[in-house]
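The values are calculated or read from the model by the stated rules, or taken from the named source; none is laboratory data. Keep in mind that this is a model prediction, so the values were computed, not measured. Cβ: placed from backbone, ideal geometry, glycine included. Neighbour counts: every protein chain shown.
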Amino acid sequence: MRELKLELTRFMMSYKFATDEMLTKINILKEEFSSIHDYSPIEHVSSRLKSPEGILKKAIRKGHPLELDGIRDNIQDIAGIRITCSFISDTYRIRDLLAGQRDVTVLQEKDYIREPKANGYQSLHLIVAIPVFMSDRVQPVTVEIQIRTIAMDFWASLEHKIFYKYNGAVPDTLVEDLRQAADAANRLDVKMELLHDQVVARGPAADDADLFSFDGLPPFPLPKGLLESFMRGRTEPE
C-alpha cells in the first residue's frame, strides 16, 4: 500500500512539475515581450491539474486500463494550461514560440480557430510533451495547452455556464444564439486586429519613444548621458 501511495504521489507530482516548467517558459516570453518589445501577445495565463478522482473517473468512462502507465499513455489532459491573447495572430505566434523550444515536443494540434466546432467554439489546442527531471529518472510528461483570444475565452466561459445550467440539454434556440455570438466574437477579433495593425503602422508616440520599462513597473526615462555612454561603448573599437 505504501509503495502504491508513493507511485501515485510521484505520478501526480510529475504533472505538477511539467505544468510549472511550461508556466515558467510562458512567463519568460510574457516578460521579455513586455520589457523588450513594448507589447506582450499574452494577456492572461491559467493552469489546472486534474484530481486523482477526476483522472480515475475519466479512465473508467473511456475504458482505459486502470494502471498508471496506461493512464499516462491514454489521458493527455491531466495537466492543462490556458493562454489568453489579444489577437488571433498572437495565438499562432505563441504556438510557434513554444513549439520551437528544444525540450518541447508537439504531439498533437487541433486548430479550432481556422476550423471552428459546429457550435462555434474557437481555440488552438496543443498536446505537448516536456521532460521532467526527477531524482531517479527523466519522465516525459504531456500537457494540454489551449491558446485563444479574449473574445474566444469569454464565449467559451459563457457556453460552459449555459451547458452546466441546462445539464447539457440546451434549448435549440440558445444553441443557435451561441453560434451567432461566436460569429460576432470572431468579427470583433478581426476588427480589433485591424485597428491594432493601424496603430503599430503609425509607430510609437513621441512621448513614449524614450521610455524604459520592466514588466510590472511603470515606464521611466533613462538618463540621456547613460544612453549616450552606452551607444559610444557599442561603437568604439576594443
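Tabulated data for the structure shown
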read-out	value
Residue list for the range 59-99, filter: touching a Pro at 6+ places or on another chain (Cβ under 8 Å), β-branched (Val, Ile, Thr) and farther than 24 Å from residue 153 by Cα	71
All positions within the range 127-174 that are within 18 Å of residue 112 (Cα to Cα) and in a helix (DSSP H, G or I)	150, 151, 152, 153, 154, 155, 156, 157, 158, 159, 160
Residue within the range 88-96 that is more than 22 Å from residue 33 (Cα to Cα) and in contact with a strand residue (DSSP E or B) (Cβ under 6 Å, 6 or more places away or on another chain) present	no
Residue identified as of a type in the set (S, T, N, Q), within 16 Å of the chain's Cα centre (by Cα) and either modelled with pLDDT of 95 or more or closer than 15 Å to residue 143 by Cβ (or both) among 47, 40	47
Any helices (runs of 4 or more DSSP H) falling wholly within the range 1-117 and containing at least 3 residues that are loosely packed, with under 15 Cβ neighbours inside 10 Å, of a type in the set (D, E, K, R) and free of Cβ contacts under 8 Å to residues at least 12 places away in the same chain	2-36, 52-62
Residue, farthest from residue 77 (Cα to Cα), within the range 184-194, restricted to residues that are of a type in the set (D, E, K, R) and loosely packed, with under 14 Cβ neighbours inside 10 Å	191
Yes/no for residue 82 being under 30 Å from residue 200 (Cα atoms), among the charged types (D, E, K, R), touching a Cys at 6+ places or on another chain (Cβ under 9 Å) and modelled with pLDDT of 95 or more	no
Within the range 122-170, considering residues that are farther than 28 Å from residue 12 by Cα and in contact with a Leu (Cβ under 7 Å, 6 or more places away or on another chain), the one surrounded by the fewest Cβ atoms within 10 Å (Cβ to Cβ)	162
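Conditions tested, residue by residue: (1) within 30 Å of residue 16 (Cβ to Cβ); (2) modelled with pLDDT of 90 or more; (3) in contact with a helix residue (DSSP H, G or I) (Cβ under 7 Å, 6 or more places away or on another chain); (4) not hydroxyl-bearing (Ser, Thr, Tyr).
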site: 133; (1), (2), (3), (4): yes, yes, no, yes
site: 157; (1), (2), (3), (4): yes, yes, no, no
site: 211; (1), (2), (3), (4): no, no, no, yes
site: 219; (1), (2), (3), (4): no, no, no, yes
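Quick grid of which residues meet (1) out of contact with any Phe, Trp or Tyr (no Cβ under 6 Å at 6 or more places or on another chain); (2) among the aliphatic types (A, V, I, L, M); (3) modelled with pLDDT of 95 or more; (4) on the phi < 0 side of the Ramachandran plot:
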{"site": "103", "(1), (2), (3), (4)": "yes, no, yes, yes"}
{"site": "136", "(1), (2), (3), (4)": "yes, no, no, yes"}
{"site": "152", "(1), (2), (3), (4)": "yes, yes, yes, yes"}
{"site": "161", "(1), (2), (3), (4)": "yes, no, no, yes"}
{"site": "168", "(1), (2), (3), (4)": "yes, no, no, no"}
{"site": "178", "(1), (2), (3), (4)": "yes, yes, no, yes"}
